[in-house]
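Before any comments, here is the structure.
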Amino acid sequence: MRPFVPLRPGKVSIYHCGATVQYLPHIGHLRGAGIVYDVLRRWLEYRGFEVTQVRNVTDIDDKILTKAAAAGRPWWEWAAANEHAFADAYDLLGCLRPSIEPRATGHIPQIQALIAELIAAGKAYAAEGDVYFAVRTLPDYGFLSGQRIDEMKVEQGEPVGAGKRDPADFTLWKGAKPGEPSWDSPWGPGRPGWHIECTAMARAYLGDEFDIHGGGLDLIFPHHENEAAQAHGASLKFARCWMHSYWVTMSGEKMSKSLGNTLGVEVLTKTVRPIALRYYLVSVHYRSSIEYSPEALDDAARAFDRVEAFLHRAAGHGAVEISPVPDGFADAMDDDLAVPRALAVVHDAVRRGNSAAASGDWERALGFAASVRGMLAVLGLDPFAAPWARDGSASASGQTLVDATGALLAGFLDERSQARAAKDFARADAIRDRLAQAGFSIEDTPDGPVWSVVGGPAAHDG
């Protein structure tokens, strides 16, 4: 681990791989291409940096063409529909919009210019309408994945033949096949290979050198290795720091469409609130896999409910402001985004706030609530802020109702807590029964009471 020092003081440049829009998004996509880098950006901005975030869209690819053909739809329409679904899912889970979200098909001139540079530098060669990167011309090839050329499995796709000189060489430009989309080029009609698009687009928006390149663990080889090879072959310094997020797994296997074990965001958010789903995906360190199970998701939702319960309870006794994050939270976030440790600070503040509330010290409880809001804001989980409480929207109306109900119930719950503290259990039970008759269930937790609507979704607040 080494300290992060940006290329330019006060500014941070980030490029991370987004979606290959071959299909609808699942939570594995959303964690690796969205939430991890959204939290990174929010923390850097909290620390005072101006962040430029570039997240690409791969909208031309063999898989896109295959799936579009199987569905009987034009490739561009298939790609656009899935791109829109990804955008909706990012929004649903509270991800900030990136500074720019470039598409591969929108950068053909930049891609072709980079390929021409590589050919001129002797790092690439044209053959039979294709262009290949000559891997053995680059001494540091394999630095990122730790692989040696003669020992690595050939994962570059194309077999030797038809002009390809070495099994390890990979495609920069794919010659057109009958019926496929293509663009004119000096090497004949065709389309870009997968890896060249990211090198060209990162350069176009962030320059020859930038701070952070991110993506999923599965992209280290061959994608990121080949991105770096293309950049270094063109004498670009490229990324100063590489960052890789781990998978969401089911039964120990990476979540993917090919395994048939995907979980769509739209499906999950029918049973769990989007803010709780985001908490679940945030709560595990980005360099650790999340083993999905309905039970784990339910546990995470309940944990967030307890945090939110305290905030709504405090809001019933005064305005809940946002204060700077505590040192323990900041130390955790500065240590390679150690979100689990940061969340421990959040829950400790909730427990201390509930203790203050139980003793009637609402001024102190509101101070803890302000601290909790500050920490949640960094994680994109502040329930009082956009997008979870959008003004004028249907969700805002629903959130306003939740807030009002929470404030109303706060008095009953406080009265019940006082009765329990005084060992007047008959009075406490009577309050609980009265709330039950009105349709509310009360759960006593270490972080304080949490209410939910009987027969409704997961508990909201208390």
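Annotations
- Checked against the criteria, Gly106 counts as under 26 Å from the mean Cα position of the chain (by Cα) and under 30 Å from Leu7 (Cα atoms).
- Some residue of segment 279-288 being in contact (Cβ under 8 Å) with a residue 40 or more places away in the chain and over 21 Å from Leu40 (Cβ atoms): no
- Some residue of segment 189-200 being out of contact with any His (no Cβ under 6 Å at 6 or more places or on another chain) and surrounded by fewer than 20 Cβ atoms within 10 Å (Cβ to Cβ): yes
- Of the set (1) in a helix (DSSP H, G or I); (2) not assigned by TED's automatic domain parsing to the domain that holds Asp38, all apply to Val272 but (1).
- Top-ranked residue in segment 233-246 [being touching a Leu at 6+ places or on another chain (Cβ under 6 Å) and surrounded by fewer than 22 Cβ atoms within 10 Å (Cβ to Cβ); ranked as nearest to Pro25 (Cα to Cα)]: Tyr246
- Residue list for segment 110-151, filter: free of Cβ contacts under 8 Å to residues at least 40 places away in the same chain, part of a loop (DSSP other than H, G, I, E, B) and among the small types (Gly, Ala, Ser): Gly122, Ala134, Gly146
- Residue match in segment 96-117 (condition: over 21 Å from His224 (Cβ atoms), of a type in the set (A, V, I, L, M) and crowded, with 22+ Cβ neighbours inside 10 Å): no
- Of all the listed residues (Ala33, Ala69), the sole one being touching a residue at least 12 places away in the same chain (Cβ under 8 Å), part of a helix (DSSP H, G or I) and either surrounded by 15 or more Cβ atoms within 10 Å (Cβ to Cβ) or out of contact with any Asp or Glu (no Cβ under 8 Å at 6 or more places or on another chain) (or both) is Ala33.
- Gly48 among the small types (Gly, Ala, Ser) and without any contact (Cβ under 8 Å) to a residue 60 or more places away in the chain: yes
- Selection over segment 332-378 of residues that are hydroxyl-bearing (Ser, Thr, Tyr) and either touching a helix residue (DSSP H, G or I) at 6+ places or on another chain (Cβ under 8 Å) or in contact (Cβ under 8 Å) with a residue 24 or more places away in the chain (or both) gives a count of 1.
- The residues of segment 417-443 that are among the basic types (Lys, Arg) and in contact with a strand residue (DSSP E or B) (Cβ under 7 Å, 6 or more places away or on another chain) amount to a single one, Arg432.
- The lone exception for His16 - which of (1) free of Cβ contacts under 8 Å to residues at least 60 places away in the same chain; (2) closer than 24 Å to Ala104 by Cβ it fails: (1)
- Listed by position, the strands (runs of 3 or more DSSP E) enclosed by segment 173-269 include none that has at least 3 residues that are among the basic types (Lys, Arg) and in the same structural domain as Ala127 (by TED's automatic domain parsing).
- Qualifying residue in segment 231-245 (condition: polar (S, T, N, Q), modelled with pLDDT of 95 or more and within 21 Å of the chain's Cα centre (by Cα)): yes
- Of the residues making up segment 297-323, those that are of a type outside the set (Gly, Ala, Ser) and free of Cβ contacts under 8 Å to residues at least 60 places away in the same chain number 3.
- Of the helices (runs of 4 or more DSSP H) lying entirely inside segment 290-363, those containing at least 2 residues that are in contact with a strand residue (DSSP E or B) (Cβ under 9 Å, 6 or more places away or on another chain) are 294-315, 339-358.
- Just one residue in the set Gly146, Gly163 is farther than 29 Å from Tyr205 by Cα and at pLDDT below 95; that residue is Gly163.
The values are calculated or read from the model by the stated rules, or taken from the named source; none is laboratory data. Since the structure is predicted, the reported quantities are computational estimates derived from the model, not experimental observations. Glycine also receives a Cβ, built like all others from the backbone with ideal geometry; neighbour counts cover every protein chain displayed.
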